[in-house]
């Protein structure tokens, strides 16, 4: 009887044992962390990166002491292991129902340029160590900052004090840069060569608040603003015209039955467009030809203040502030009141700047508050006023973007004021027009306090950012100086391609079909190649391994199957006929070709080892059954 009881007791103990499942990993889903664990993915050397991961355990078992960890590799070698911290230490719900628990780590930055690999490692108190798949971030070669030039001491009437800078403009035909500055009581247009050599300074009419420049065809320079006319007791818009040598040509002023307050100016190859508000707070648009003759005008039927205007191929677009709601409006260039459309923009994004590309896609940028830092917001909207893409980029600083510019090389540049140990510096984000991915980022310390205002780009993708810098003069007094910095873009800058699973048909989260078969079967490998720069492949191939060997049995080039561009994705494939049974594994590899030279290796899940196919002997001849 004792032996029987012992047996039953053993069975009872064994039956009561409960096996705990392994923890698993997820993206936090926070802004910038919906598809990977690093933000930003493209940084300058020694710039901070924030890493995030979500730990989930269905039985609510916490991570083991010393976990989770962030692992970082460079060129295949591990260069750092970092203990991650809980975003909310008081959170003790690790289950999926409780949305898991988020962890983060802020890196000190990496000095060497190139592609870095990272992954997360974690375990619960009673599980084995688990590694996530690898991800990648890119430390870019920064812009070569040179040609830092500014108006020097004595540039204005014997003083080096500037009160403000309002705008800049680039003459792409003659390669001149114009900067519109103000030193009480006069406005000045400063002209530079593309290399930063000071060429001239032109004093504008007093008592007119000039705020905007436009370079017309042939190099004509237009400066516009507003002033108060004491004779008519009204506010008027004023515009002055100069030739490319800054010789005065003509000027004119405009107002309606009451007053007009200047908002913004833009133009095309033959006309100028001004947006303004009247004394009833309706926004107005005025169209002039290059001779400053009024062509037509338009008054909106709703109250609002026009802040920005951009001119497209057949329409003009305005960014208006209507009762604290930012509204994007489109109206035909003929200013026909019956042909306009509008859309309200997301109020939390605080949009303040507007630009168009050559296809009349609209880009609006602003910022969202995010604790001690800000999120730069950039939204792409098509000409039908339908939003297509929104991106958010975190930066240390505050205030809205100061300017935005698009060029003919598929770039969108946005200037911001960034924080540098309590001081303010010039900052620029450079985005791709295609998908708003970050191509580069740069900041520049021009003085104790820098206030960027206006940026332009030339045809070679060089960026000119102008603003006011407060610097300590030789007399020990603070002095405000106009400072224009040229960031020379590295035209050879390349972004690495990446590979993706097809995730359709027979290829969900895998690159081979079928996964099981015999020597009689053909196994088809497929993968999608993508490149943000739309670069072609130098090569794309698959390495196939057998029976756990670390040496591939062969490397095979893949062939084109479908797709129109590497930006949207091209599918490549290879038909594999095994010659021996066994357990096979594989991984894909690719390199892009950029600027006529071999480029960077591809990243993505398909570049990691995957298993399959499993190949049996198969039948040979006929089998008779008795």
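The values are calculated or read from the model by the stated rules, or taken from the named source; none is laboratory data. Everything quoted here is computed from the prediction, not taken from an experiment. Note that we place each Cβ from the backbone using ideal geometry, even for glycine, and neighbour counts take in every protein chain shown.
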Name every residue in the range 578-609 that is at negative phi and not in a strand (DSSP E or B), in order of residue number. 578, 579, 580, 581, 602, 605, 606, 607, 608, 609
Those residues of the range 79-90 which are part of a loop (DSSP other than H, G, I, E, B) and farther than 17 Å from residue 25 by Cβ, in sequence order: 88, 89, 90
Exclusive hit being assigned by TED's automatic domain parsing to the domain that holds residue 332, without any contact (Cβ under 8 Å) to a residue 60 or more places away in the chain and in contact with a strand residue (DSSP E or B) (Cβ under 8 Å, 6 or more places away or on another chain), set 228, 290: 228
So which strands (runs of 3 or more DSSP E) stay within the range 477-577 end to end and still have 3 or more residues that are touching a strand residue (DSSP E or B) at 6+ places or on another chain (Cβ under 9 Å) and within 28 Å of residue 427 (Cα to Cα)? 478-488
From the list 189, 215, which residue is within 35 Å of the chain's Cα centre (by Cα) and over 21 Å from residue 316 (Cβ atoms)? 189
May I ask you to list the residues in the range 31-62 that are in contact (Cβ under 8 Å) with a residue 24 or more places away in the chain, assigned to a loop (DSSP other than H, G, I, E, B) and closer than 23 Å to residue 439 by Cβ? 31, 32, 36, 37, 40, 41, 44, 45, 46, 47, 48, 49
With the structure loaded, tell me whether residue 303 is surrounded by 19 or more Cβ atoms within 10 Å (Cβ to Cβ) and in the same structural domain as residue 232 (by TED's automatic domain parsing) or whether it fails that test. no
Note: among 253, 245, 270, just one is out of contact with any strand residue (DSSP E or B) (no Cβ under 7 Å at 6 or more places or on another chain) and either at negative phi or buried (at least 17 other Cβ atoms within 10 Å of the Cβ) (or both), namely 245
Answer yes if at least one residue in the range 429-437 is outside any loop (DSSP other than H, G, I, E, B), free of Cβ contacts under 8 Å to residues at least 60 places away in the same chain and either over 25 Å from residue 327 (Cβ atoms) or not assigned by TED's automatic domain parsing to the domain that holds residue 348 (or both), and no otherwise. yes
